[in-house]
Amino acid sequence: MSTNNVESRVIKAPVAKVWSALKKQDFEFWSLVKSVELSSSASEVGSIRTTTFADGTVQKHRLLEFSEVKHAFTYEIIDSEPAVSSLSAQHTFKVIPVTADDTSLVQWSSEFSSEGSLEAVMDAKYKKLDALKELAKALEN
């Protein structure tokens with residue numbers, strides 16, 4: 001049995017602008033992220049992204065899927081120092097056009113394996129909400 005968490009936000013910017021910011025996977029808009037290093041191209045499936053967070057946590061993420069057509073990418077955490085309670089999870093970003101007003105719906109979802117605790121899901125929820133708020137602030141100005 002898996003546990004899911006999905007958070008979304010309408011960003012007052014066209015899909016091309018939002019996707020351009022997200023597809024690099026550098027999360028420069030998010031204050032919790034200190035730095036990101038990529039092992040190869042951000043769009044290369046299998047590439048590893050090392051993310052250092054402001055609190056000193058270092059995580060390695062493997063890119064599982066990337067689509068320029070669907071404006072989406074999926075990744076998994078393969079290592080974390082300190083350890084996280086649930087490594088078995090897939091996380092997906094999608095950017096969907098809102099055609100009525102040329103804005104974008106950004107959806108960030110996580111599917112945790114059966115080992116995903118309520119604490120991990122709630123932590124993911126609030127971090128996503130904060131990150132999406134910061135993304136909106138960065139792109140809507």
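The values are calculated or read from the model by the stated rules, or taken from the named source; none is laboratory data. In this text, all values refer to a predicted model and were calculated from it rather than measured experimentally. As a convention, Cβ positions derive from the backbone with ideal geometry for all residues, glycine included, and neighbour counts pool all protein chains shown. Ligands, DNA and RNA are stripped out before the accessible areas are found, and what is left, the full protein with its side chains, is counted by its heavy atoms. Shrake-Rupley method; radii C 1.70, N 1.55, O 1.52, S 1.80 Å.
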Revision key, fill the gap. Subset of the range 94-141, residues assigned to a strand (DSSP E or B), under 21 Å from Ile78 (Cα atoms) and small (Gly, Ala, Ser), comes to Ser109, Ser110
Exercise for review: Select from the range 48-92 the residues that are in a strand (DSSP E or B), among the hydrophobic types (A, V, I, L, M, F, W, C) and modelled with pLDDT under 95 and write down the one among them that is most open to solvent (accessible area, probe 1.4 Å).
Suggested key: Ile78
**Study point:** Selection within the range 1-45 - within 20 Å of Ala124 (Cβ to Cβ), outside any loop (DSSP other than H, G, I, E, B) and touching a Phe, Trp or Tyr at 6+ places or on another chain (Cβ under 8 Å)
**Key:** Thr3, Asn4, Asn5, Val6, Glu7, Ser8, Leu22, Val33, Lys34, Val36
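Given the criterion over 11 Å from the mean Cα position of the chain (by Cα) and under 17 Å from Ala21 (Cα atoms), identify the matching residue among Phe73, Phe66, Phe93.
Details: Phe73 fails: over 11 Å from the mean Cα position of the chain (by Cα); Phe93 fails: over 11 Å from the mean Cα position of the chain (by Cα).
Only one candidate passes the filter, namely Phe66.
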